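S.K.: My questions will all concern the structure given below.
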Amino acid sequence: MASVLCIETATTNCSVALSVNGSVIALREDTSKKYSHAEQLHVFISNVLKEANFSKQDLDAIAVSKGPGSYTGLRIGVSAAKGLCYALDIPLVSLATLRVLAAQGKESKHIVPLLDARRMEVYSAVFDVSKQQLRETRAEVVTDISYASYLEQGSTLFIGSGALKFKEICTHKNALFNIDALPSAKEMALLAEEKFNKGEFEDVAYFEPYYLKDFKKE
């Protein structure tokens, strides 16, 4: 049984969860449109530990959402996670942000998490109903024929901040949309527990966020 502090800062959602054995026992997040990560992240970490009556020394690992996403948000989250791992001498688990987002999808043949990457571009991946990844993560420009092969096979959920871009140009009957969903630390819990049990840890000294694209001022 592992106690894992989960940190998700890849989008406007500043989200922290404490999980035990893959179940969330405390959660704090700010889903407002502004980036509050620098001000809120360490406050949220203290809050979830206090709520669960945990100390930092009770933690077995830190899990962080690695991207793609906001350059600034990812940098803040990863820096905090690495600092805690160094200070506490515990392992670091990284989770793909789009996989974390896809975990919110329910009962569709395909789940396509989409994060806004400016203009008509999105960060995207494709998962099946069991959350197995079917297509690699990409930064791509959406068109009216994007994801056609998946849509033809059955219901396909497009989820995340980038889903609105595709919703505006997609007319396929099998397309479903959740444009308000944001990656959250609460969906990281079970994924982090699985990687912890497998011993799939990052090298804290060399780990960097998965930016996917070169930095542009946000």
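The values are calculated or read from the model by the stated rules, or taken from the named source; none is laboratory data. In this text the structure is predicted, and so the values were computed from the model without any measurement. Virtual Cβ from ideal backbone geometry, glycine too; neighbours counted across all protein chains shown.
S.K.: Hey, does region 164-178 have a residue that's among the hydroxyl-bearing types (Ser, Thr, Tyr), touching a residue at least 12 places away in the same chain (Cβ under 8 Å) and under 18 Å from Tyr123 (Cα atoms)?
M.R.: Scanning region 164-178 turns up no residue that is among the hydroxyl-bearing types (Ser, Thr, Tyr), touching a residue at least 12 places away in the same chain (Cβ under 8 Å) and under 18 Å from Tyr123 (Cα atoms).
S.K.: So, in region 25-48, of the ones that are surrounded by fewer than 19 Cβ atoms within 10 Å (Cβ to Cβ) and among the hydrophobic types (A, V, I, L, M, F, W, C), which residue ends up modelled with the lowest pLDDT?
M.R.: Only one residue tops the list, namely Ala38.
S.K.: Count, please, the residues in region 8-37 that happen to be closer than 19 Å to Pro113 by Cα and outside any loop (DSSP other than H, G, I, E, B).
M.R.: 3
S.K.: If we keep just the residues of region 177-210 that are touching a Gly at 6+ places or on another chain (Cβ under 6 Å) and part of a loop (DSSP other than H, G, I, E, B), which is farthest from Leu88 (Cα to Cα)?
M.R.: Ala181
S.K.: Right, here's the next one. Does region 126-142 hold any residues that are closer than 19 Å to Glu168 by Cα and buried (at least 21 other Cβ atoms within 10 Å of the Cβ), and which are they?
M.R.: Of everything in region 126-142, just one residue is closer than 19 Å to Glu168 by Cα and buried (at least 21 other Cβ atoms within 10 Å of the Cβ), namely Val142.
S.K.: Let me ask something additional. Tell me, please, whether a residue that is within 17 Å of the chain's Cα centre (by Cα), outside any helix (DSSP H, G or I) and surrounded by 17 or more Cβ atoms within 10 Å (Cβ to Cβ) can be found in region 70-83.
M.R.: yes
S.K.: Can you name the residue in region 120-137 that is closer than 12 Å to Lys213 by Cβ and either at pLDDT below 95 or aromatic (Phe, Trp, Tyr) (or both) and, of all such residues, is nearest to the chain's Cα centre (by Cα)?
M.R.: For region 120-137, the residue satisfying everything is Tyr123.
S.K.: Scan region 120-131 and tell me whether some residue there is under 30 Å from Ala2 (Cα atoms), touching a residue at least 12 places away in the same chain (Cβ under 8 Å), of a type in the set (Lys, Arg) and assigned to a loop (DSSP other than H, G, I, E, B).
M.R.: Scanning region 120-131, I find at least one residue that is under 30 Å from Ala2 (Cα atoms), touching a residue at least 12 places away in the same chain (Cβ under 8 Å), of a type in the set (Lys, Arg) and assigned to a loop (DSSP other than H, G, I, E, B), so the answer is yes.
S.K.: Please go through region 84-107 and give me each residue that is in contact (Cβ under 8 Å) with a residue 60 or more places away in the chain, over 20 Å from Ala139 (Cα atoms) and part of a helix (DSSP H, G or I), ordered by number.
M.R.: Leu84, Cys85, Tyr86
S.K.: A further question follows. With the checklist (1) touching a residue at least 60 places away in the same chain (Cβ under 8 Å); (2) more than 30 Å from Ala175 (Cβ to Cβ); (3) of a type outside the set (Ser, Thr, Tyr); (4) touching a Lys or Arg at 6+ places or on another chain (Cβ under 9 Å) in hand, flag the one item Pro68 doesn't pass.
M.R.: (2)
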